[in-house]
Amino acid sequence: MKLKIIVITILAILAASLQAQEVWSLSKCVDYAVQNNITVQKMALQTDYQKLNLKTSQWSFVPNLNAGLGQNFSFGRATGNDNITTSQSLASTNFNVSTSMPLFSGLRITNQIASDKLNLQAAIEDLNKAKEDLTLNVTAYYLNILYNKELVNITQEQVKLSEEQVKNTQALVESGKKSESELYENKAQLANDQQTYIEASNALKLAILDLCQAINYTDIANFDVAAIDTKTLLETLDLSLVSPQDAYAKSLTLRPAIKASEKRIESSKKDLKVAQSAFYPQLDLQAGYSTGYFHSFQLNNVGFGQQLKDNSSEAVALSLSIPIFNRLASVNRLKQARIGILNQELELENTKQVLLKEIQTAYYNALAAREKYTAAGKTSEASRISFEFEQLKYNGGKSTPFDFNNAKTRLEKSLAQEAQAKFEFIFRTKIFDFYNGKELTF
């Protein structure tokens with residue numbers, strides 16, 4: 001009786017809390033997870049980092065500008081503004097402005113910009129992959145909640161059946177048609193079913209906790225997910241139209257991991273051209289302006305403004321640098337760039353192999369899940385019919401409590417297995433659809 005009161009109390013609390021709970025759809029869960037997931041945020045920062053690299057490269061064509069200021073005090077022999085060295089104490093102030101810009105760098109800057117653009121595109125695809133992985137995880141947790149909800153409903157129905165059976169047996173005992181021992185057998189089964197219900201409710205709470213933690217949501221007590229129309233959804237699931245090979249061919253054009261690897265190969269080829277630019281002459285345009293003020297402590301000094309005008313100097317120059325020998329640094333960088341290309345090509349091949357294995361696994365897992373769900377449905381239907389016959393026999397006095405409870409337990413187990421197989425089939429099929437370019441929605 002105490003356990004029954006506890007169950008009723010739990011039901012009342014759950015009913016009251018459900019009224020205040022916020023119902024989340026799968027898309028809302030995914031959106032929230034993307035906004036709050038640390039891995040995704042780090043990938044977004046990496047994208048910002050690559051954007052800054054690209055901006056730095058693009059500004060390499062622009063002339064730079066530098067200014068300088070110097071102050072010097074000389075005692076004894078010093079050189080004045082007339083370039084004559086005499087014995088005097090002198091203070092001098094120097095001002096200069098200079099600029100330079102590359103005219104030809106062996107296409108180093110052009111190829112560096114192209115490489116940084118490709119690295120940015122690869123970083124964006126890495127971000128998209130992180131979002132995809134997160135979406136798959138959230139979907140799995142979401143369906144796990146729905147599965148545990150169905151288990152709660154199944155165990156709740158078993159409690160109702162046991163309560164009804166205890167009530168009927170009580171009446172039969174009072175009329176002398178059943179022994180009191182059978183009543184206690186049914187009460188024991190009711191207590192067991194109530195315990196199973198409590199365990200299912202706790203499992204549901206843990207499933208909700210898992211999803212909330214996956215999306216970094218803290219208000220767990222007021223969190224709930226929206227139900228899906230599994231009957232209609234199951235009617236639309238079809239694995240016979242697409243083969244793993246077709247899904248793989250389509251995924252090669254869609255998956256961010258493949259795109260990222262391809263972009264990095266292209267970037268490595270640009271890096272090779274950057275390394276090759278070190279063997280070409282470098283031509284720069286330079287310009288500068290300088291002036292100064294000299295103050296002698298022994299002589300009369302020309303005014304500050306006049307000196308700045310008289311001492312001014314302007315210069316424009318072309319600077320050509322021809323590489324001859326730099327301790328094999330350029331040669332080794334060229335070899336490293338070629339190794340980088342080979343490494344990225346191997347990375348792409350490995351990514352393709354992993355993708356193919358994932359698709360093949362997803363396909364055959366979905367097939368197995370469909371067969372498992374079909375078999376589970378047949379088993380649960382047979383268990384339902386068996387239980388109904390056993391219930392009629394028991395109520396007619398032609399069966400024992402052991403046989404009745406055994407049939408009831410088999411029914412509960414088969415219903416739980418069917419629910420598990422159903423949601424596994426939905427998840428596995430949706431995963432394969434995802435590889436075939438379909439959105440993960442219900």
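The values are calculated or read from the model by the stated rules, or taken from the named source; none is laboratory data. Fair warning: this is a prediction, and the values are worked out from it, not measured in the lab. Using ideal geometry, Cβ is built from the backbone for each residue, glycine included, and neighbour counts are taken over all protein chains shown. Please note that ligands, DNA and RNA were not included when accessible areas were found on the heavy atoms of the full protein model with its side chains. Shrake-Rupley method; radii C 1.70, N 1.55, O 1.52, S 1.80 Å.
Data table
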| item | result |
| --- | --- |
| Pairwise centroid distance, computed over Cα atoms, of region 130-159 with region 53-118, Å | 66 |
| Cα gyration tensor shape of region 219-265, rounded if a/c is under 1.5, else prolate or oblate by comparing a/b with b/c | oblate |
| For q = 0.14, 0.19, 0.22, 0.23 Å⁻¹, Debye-computed log10 I/I(0) when each Cα of region 135-225 counts as one equal scatterer | -0.60, -0.82, -0.96, -1.01 |
| Relative contact order [Cα under 8 Å, 6+ residues apart], region 324-442, whole percent | 32 |
| Fraction of beta bridges assigned by DSSP in the chain that are antiparallel (%, nearest 5) | 90 |
| Set of lysines near Lys269 by C-alpha distance (under 19 Å), chain-local residues within fewer than 8 positions excluded | Lys117, Lys259, Lys335 |
| Volume in Å³ per residue [convex hull over Cα atoms, computed for the chain] | 253 |
| Cβ-derived FRET efficiency at R0 25 Å, Arg338 paired with Ser243, nearest 0.05 | 0.05 |
| Flagged links, alpha-carbon separation over 22 Å, of Lys263/Lys352; Lys51/Lys357; Lys51/Lys131; Lys129/Lys438; Lys149/Lys187 | Lys51/Lys357; Lys149/Lys187 |
| Overall Cα dimensions of region 339-442 - principal axes, largest extent first, Å | 83, 24, 16 |
| Cα Rg over Rh - region 239-286, Kirkwood | 1.42 |
| Per residue, the convex hull volume that the Cα atoms of region 315-383 enclose (Å³) | 169 |
| With every protein chain in place, the chain: carbon and sulfur % of accessible area (1.4 Å) | 56 |
| 0 to 90° range, to nearest 10: angle between helix 38-58 axis and the chain longest Cα axis | 20 |
| 0 to 90° range, to nearest 10: angle between helix 329-395 axis and the chain longest Cα axis | 10 |
| Computed label-point distance, nm, for sites Asn83 and Gln353 using a 7 Å Cα→Cβ extension | 7.1 |
| Normalised convex hull volume, region 164-287, alpha-carbon set, Å³ per residue | 318 |
| Cut-off 15 Å (backbone N to label point 7 Å along Cα→Cβ of Leu65), residues of region 272-305 | 287-289 |
| Whole-angstrom gap from region 371-391 to region 407-442, using each part's C-alpha centre | 17 |
| Surface accessible to a 1.4 Å probe, per residue, for the residues of the chain, Å² | 58 |
| Estimated FRET transfer efficiency (Asn153, Tyr49; beta-carbon r; R0 35 Å; 0.05) | 0.10 |
| Length-normalised contact order of the chain in % [C-alpha pairs under 8 Å, at least 6 apart] | 23 |
